[in-house]
Amino acid sequence: MKQNTLKAAVLISGTGSNLKALINAVESAGLELNIVRVVSNCEDAAGITHATAANIPVKVISHTAFPDRQSHDAAVTKVLQQDQAELIILAGYMRILSEDFTNNYCGRMINLHPSLLPLYKGLDTYNRALLSGDTQTGASIHFVTAGLDSGPVISQVKIPILPDDDVASLSTRLGPLEHKLLVATVELFCNRKVHYQQDSVLYLGHALEQPLQLKHDGSFF
Ligand code: GAR
């Protein structure tokens, strides 16, 4: 690993398939990323096994052990600081974050969200797209700011919604594309091509007017 390889922490709550995609990309596809820590707020998160199999240090910080959101986030922050994580990747981390936490990591924390933001912040995104009669859905990666799922959007991938689609079929089709979106977007950070500036995304030094769009082969256009 090169000396200036980006140090990242990945925060999860569940299956961890996106964490696994990042680990695979590091191990087999030359992604220059040093995953220094995985944090889970759920001790039974299946994704923890992906981290341990790859010898990545794991810290379980159960939110149920803390009196409030702020003290839980402070415990997470302490770990991330000890690890000197430069990029915080929320990959299925199902927690609303305190303002202290989002302020502390402003410009250094990204979240994967299963909708075409700004549509459908929060939960139940596929169902809401179906109920609205949308003709497409997708996933977005955005910088995390104080508002829920509201920070500037870096990248997206889109799929059409077909007449017979339901939540399960959308999730099946979108899952592998989310993995590609996360790997390709994290690679932009590894190559220092993306930065945060005053509530916008700087890509190659210029403010993005639209999120980068991922082709289904895993590259951006
Ligand atoms: C992903 O589909 C991601 O978009 C979603 O959780 C899933 C995690 O899957 N994130 C959110 O809903 C965040 N609001 P994984 O645990 O298999 O990576």
Practice prompt. For Gln213 paired with Gln84, estimate the spin-label separation in nm (one decimal), with each label point 7 Å from Cα along the Cα-to-Cβ line.
Written response: 4.1 nm
Item to complete: Within the range 158-191, which residues have the backbone N less than 18 Å from the label spot 7 Å out from Asn127 along Cα→beta-carbon, could you tell me?
Response: 165-172
Worksheet item: Quick one: accessible area per residue over the range 94-221, 1.4 Å probe, rounded to a whole number of Å²?
Response: 50 Å²
Practice prompt. Name the residue, out of Glu32, Glu187, Glu209, whose mean-square fluctuation peaks in a Gaussian network model built on the chain with Cα pairs under 10 Å.
Written response: Glu209
Discussion item. Mean-square fluctuation check for the chain, GNM, Cα pairs under 10 Å: which of Thr145, Thr64, Thr77 is largest?
Written reply: Thr64
Discussion item. In whole percent, and with a 1.4 Å probe on the protein chains, what portion of the accessible area of the chain is carbon and sulfur?
Written reply: 50 percent
Practice prompt. On the full set of protein chains, 1.4 Å probe, figure out the accessible area of Cys106 and give it in Å² to the nearest 10.
Written response: 60 Å²
Worksheet item: Over the range 1-94, what relative contact order in percent results from Cα pairs under 8 Å that are six or more residues apart?
Response: 41 percent
Discussion item. Against the 2.2 N^0.38 Å scaling, with N counting residues, where does the range 137-221 land? I'd like the Cα-based Rg ratio to two decimal places.
Written reply: 1.15
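At most 10 other C-beta atoms within 10 Å and a DSSP loop state: those are the exposed trypsin sites (Lys or Arg not before Pro) I care about. Give me the longest piece of the chain that has none.
The longest uninterrupted stretch comes out as 3-191.
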Worksheet item: Tell me, what HN-Hα J-couplings in whole Hz come from the Karplus equation 6.51 cos²θ - 1.76 cosθ + 1.60 at θ = phi - 60° for each residue of the range 138-151, using x for Gly and Pro?
Response: x, 9, 10, 10, 9, 5, 8, 10, 4, x, 4, 6, 10, x
Discussion item. Report the Cα-based extents of the chain along its three principal axes, largest first, to the nearest Å.
Written reply: 48, 39, 36
Fill in: At least 24 Å along the helix axis (C-alpha) and Kyte average at least -0.5, DSSP helices within the chain
167-190
Item to complete: Within the set of other residues whose C-beta is less than 15 Å from the C-beta of Ser40, count the net charge using Lys and Arg as +1 and Asp and Glu as -1.
Response: 0
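Counting pairs of alpha carbon atoms under 8 Å apart in space and at least six apart in sequence, what relative contact order in percent does the range 32-172 give?
17 percent
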Worksheet item: If you find the alpha carbon centre of the range 78-102 and of the range 5-44, how far apart are they in angstrom?
Response: 13 Å
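The values are calculated or read from the model by the stated rules, or taken from the named source; none is laboratory data. Note that the structure is a prediction, hence the values are computed from the model and not measured. Cβ sites come from the backbone with ideal geometry, for glycine too, and all protein chains shown count toward neighbours. Side chains are part of the model used for accessible areas, which takes the heavy atoms of the whole protein and leaves out ligands, DNA and RNA. Shrake-Rupley method; radii C 1.70, N 1.55, O 1.52, S 1.80 Å.
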